[in-house]
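A.B. asks: Got a structure for you, written out below as structure tokens; questions coming shortly.
Values quoted throughout were computed directly from the atomic coordinates according to the rules given, and no laboratory measurement underlies them. All values reported here derive from a predicted model rather than from experimental measurement. Note: ideal-geometry Cβ built from the backbone for every residue, glycine included; neighbour counts use all protein chains shown.
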Amino acid sequence: MKFTLLVQLSWRNLWRHRRRTLILITTICVAVGSVLVLNALLRGMQMSMVETAIDNLNGHFKVVAPGYLDDPGIKKSFRFEPSGHPELASYGIRGWTSRVRVPAVIRSERETRGVQFVGVVPGSEDISFLGDVEIDGEYLSGPDDRRILVGHALAQQLETGVGRRVVLITQGVDGGNRESGYRIAGVYDAVGTGIEKAFVFTGITSVQELLAVDAVTEVSVRLTEGVQEPPVLHRLTRTFTDLDVRTWQDLEPQAAMMHEMADATVSIWFLIVMGALIFGLVNTLVTAVMERIRELGMLRAIGMRRGAVIAQVVIESMITMAIGISVGVVLGLLGYLWLADGIDLSAFSEGLELTGIRPELIPRLWAQDVVLVVGLSLVLGFLASIYPAQRAVRIQPLDAMRR
Amino acid sequence: MSDLVVDCQGVTRVYGDDVVPVRALQGVDFGIAAGEWTALAGPSGSGKSTLLHLVGGLDRPTDGTVVVDGKKLNDLSESQLSDLRLRKVGFVFQAFNLIPVLSAVENVEFIMQLQGIGPSERRERALSVLDHLGLGDIGERRPGELSGGQQQRVAVARAIVTNPVLLLADEPSANLDSATTLELLALLRTINEERGVTIVTATHDPIVMDHASRRVLLRDGRIESDESVSSPMLPV
Ligand SMILES: Nc1ncnc2c1ncn2[C@@H]1O[C@H](COP(=O)(O)OP(=O)(O)O)[C@@H](O)[C@H]1O
Ligand SMILES: [Mg+2]
């Protein structure tokens, strides 16, 4: 009941200077709203980058033989028995697949190019871009399909196409060359030409036969959306004891860096706008306390406790922040909904292709981010009221009323 | 001795420092019995306000003891003094008595809220006091919409609604014209006589002195004379 009294008093006091309070609240709204919209855009960008990085045959985690990343080749392969790793079917994992990936040279009648020759289990590639890529011709029928898929850009370079034959040459375990002819089952059309030129796919057993091995070079694991990475990583590390479990951040350091930069950008923007805002808030609160010196002195004289004086200033600050934050969140949501269909970035898409950002930016607003921004703003509103509250509580009733 | 509402012994209050001490009160012995209306008189600077503040627990003596309602104020902590002011003393100051953002009735309720009295009881008591003091029709107005005299009367209502043992008023008529002053004094007379509230007014206004039942004249921080008035002037 004493609390409601203070709230009521603070509320009335706020509207003593309607204009000043409204300006302050507007500032808070704009700050919170802009942080949320910017946050949603950067999250969208991050997600798009992460998805691209994960889609590009990485997965969230990739299990490889030690040293494979420095010197990829069939020498760094390992035998893999899925039945020995029941963790792969556990909570949080959307899917996994094994592959044999070796550097190779592809030769058509006219051209020769260096590529990654990847033996896959077609049915479980729904965890990578291959699962829903557009294909001209046919998809691979199964792990022992001996035909290949080539990217659109590569097919153009090689001046070849669906149904034609090409030759692939790679190194065996002994270091000697292995060579075999393959028919093109389909030509795929990926998001970036980089991918199309890099990867040639076939059934996993066809690569194993070519190299005369019964091993794989990687197991790629994809998480269910929203699942935290560290605990799953921990479990995988424990089950693949002699192998390396690498994260997508290890595999795509550039994307990981961009990811962190986006985080930092939001934080910096938040600090800048909130810093300016807190400055204004402290100023206004101090002004409000100074204007009311005599009144506060009178209140202390008739028996209001110091704590109540402090609480009054703090509550005034918190009410201002709460109104500003509430309207700011609504503004942020409206801004987000307005942009929710996505922003067409195709005008800049040449530059973006390198970074792995898709030409359409879909903003993402996460509840946890909204909660964080709201929480931090409230904390700042509280911190901002400490100094003005100290000023208020130092007021001596007699000094104040003698003015 | 214990039936005194206020008992001051050897009260001294020195302001400033050792180099330039200002002796506002110099060894005042002074008691007030329940139901008295005492006027502290004397020229400006004689120590009236200082004495009033010491009695109300707003200030502490440099020397001597102040006992109010059996409690020795010297021994009380800051927050205990705050509590004493809230529960035992009603204050009416020269100006700025009311909270500008609250209506008259809310101002009266406010002090009961500080005491933790529930909403229905305090509204009832506030309305009844305002009514009793003839302020029933201005209860919803804010201080800015009231005349100086009305504001002071609301302040009196605020001061007595908690049934304090003591009502202290420091120059309550300083900002009022003489007609309005007489209205205020009539009001104080009513609550002194009908409710038996003990009142101390500090004033250099002769009209105020004429209404009190006892006149204590201060000069240079000492009591010069102390006389009871058998038949104080009747309200006009
Ligand atoms: N806070 C203070 N600091 C220094 N001197 C003060 C203070 N308050 C009062 N005084 C001095 O104490 C003396 C008595 O003041 P006061 O009690 O206000 O007198 P009165 O109310 O009778 O006019 C005066 O000389 C005044 O200047
Ligand atoms: Mg005075």
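A.B. asks: Could you tell me the relative contact order of the range A:59-248? Use alpha-carbon pairs under 8 Å, at least six residues apart, and round to a whole percent.
C.D. replies: 36
A.B. asks: May I ask for the distance between the Cα centers of the range B:20-53 and the range A:50-113, given as a whole number of Å?
C.D. replies: So the separation of the two Cα centres works out to 94 Å.
A.B. asks: At 25 °C and a viscosity of 0.890 mPa s, what translational diffusion coefficient does Stokes-Einstein give for chain B, taking Rh as the Kirkwood radius over Cα pairs? Give it in µm²/s as a whole number. Before the final figure, lay out each step's value.
C.D. replies: On the way: Rh = 18.1 Å.
Once the numbers are plugged in, D ends up at 135 µm²/s.
A.B. asks: Loop only per DSSP, at most 13 neighbouring Cβ atoms within 10 Å: give me the trypsin sites (Lys or Arg not before Pro) in the range B:7-52, ordered by residue number. List each step's numbers first, then the result.
C.D. replies: Details: sites: B:13, B:23, B:48; in loops: none.
Passing both the DSSP loop test and the Cβ count: no residue.
A.B. asks: Now for a different question. Mean separation of Cα pairs under 8 Å and 6+ residues apart, divided by the residue count of chain A: what relative contact order is that in percent? Please list the in-between numbers first.
C.D. replies: Values: 705 pairs, mean separation 110.3, N = 403.
In percent, rounded to a whole number, it is 27.
A.B. asks: Give me Rg/Rg_expected for the protein assembly as shown, where Rg uses Cα atoms only and Rg_expected = 2.2 N^0.38 Å with N residues.
C.D. replies: Values: Rg = 42.1 Å, N = 639, 2.2 N^0.38 = 25.6 Å.
Working it through for the protein assembly as shown, the quotient is 1.65.
A.B. asks: Considering only the protein assembly as shown, what is the antiparallel percent among its DSSP beta bridges, to the nearest 5?
C.D. replies: Numbers: 63 of 88 bridges.
The antiparallel fraction comes to roughly 70 percent.
A.B. asks: Okay, moving on. Given the rule -39500 (n - 2.57) for each run of at least 4 DSSP H residues, summed and divided by the residues of chain B, what is its mean residue ellipticity at 222 nm, to the nearest 500 deg cm²/dmol? Walk me through the intermediate numbers first.
C.D. replies: Values: 7 runs with 81 residues, N = 236.
So the helix-based figure for chain B works out to -10500 deg cm²/dmol.
A.B. asks: Out of the DSSP beta bridges found with both residues in the range A:142-220, what percent are antiparallel (nearest 5)?
C.D. replies: Numbers: 9 of 13 bridges.
In the range A:142-220, approximately 70 percent of DSSP beta bridges are antiparallel ones.
A.B. asks: Now, a different point. Picking from A:207, B:228, A:301, whose Cα lies most toward the positive end of the charge dipole for the protein assembly as shown (charges on Cβ: Lys, Arg +1; Asp, Glu -1)?
C.D. replies: Result: B:228, furthest along the dipole toward the positive end.
A.B. asks: Pick out, in residue order, every one of the chymotrypsin sites (Phe, Trp or Tyr not before Pro) in the range A:33-124 that is DSSP loop and has at most 15 other C-beta atoms within 10 Å; say none if there are none. Don't skip to the end; give the middle numbers.
C.D. replies: Details: sites: A:61, A:68, A:78, A:80, A:91, A:96, A:117; in loops: A:68, A:80, A:91.
Here the chymotrypsin sites (Phe, Trp or Tyr not before Pro) that fit, given the DSSP loop and packing criteria, are A:91.
A.B. asks: Sticking with this one: Run lengths n ≥ 4 of DSSP H only: what is the helix-derived mean residue ellipticity at 222 nm for chain A, with -39500 (n - 2.57) per run over all residues, to the nearest 500?
C.D. replies: Numbers: 13 runs with 207 residues, N = 403.
Rounded to the nearest 500, it is -17000 deg cm²/dmol.
A.B. asks: Can you list the GluC sites (Glu not before Pro) in the range A:170-262 that are in a DSSP coil and have 15 or fewer other beta carbons within 10 angstrom? It would help to have the intermediate numbers written out before the result.
C.D. replies: Numbers: sites: A:179, A:196, A:209, A:218, A:225, A:260; in loops: A:225.
The qualifying sites are A:225.
A.B. asks: Pull out a ≥ b ≥ c, the square roots of the eigenvalues of the alpha-carbon gyration tensor of the range A:59-248, then state rounded if a/c is under 1.5, prolate if not and a/b is larger than b/c, and oblate in the remaining case. Don't skip to the end; give the middle numbers.
C.D. replies: Working: a/c = 2.11, a/b = 1.51, b/c = 1.40.
Note, shape of the range A:59-248 comes out prolate.
A.B. asks: Let me ask something additional. Would you mind giving the mean number of other chain beta-carbons within 10 Å of the Cβ of each residue in B:87-99, as a whole number?
C.D. replies: Details: counts 1, 1, 3, 2, 6, 0, 7, 1, 3, 9, 5, 2, 7.
The mean count of partner-chain Cβ atoms within 10 Å per residue comes to 4.
A.B. asks: Give the cross-link partners of residue A:76 among the aspartates and glutamates, using a straight C-alpha distance below 13 Å as the criterion and excluding same-chain residues fewer than 8 apart.
C.D. replies: Straight-line reach from residue A:76, under 13 Å: A:174, A:214, A:218, A:242, A:244.
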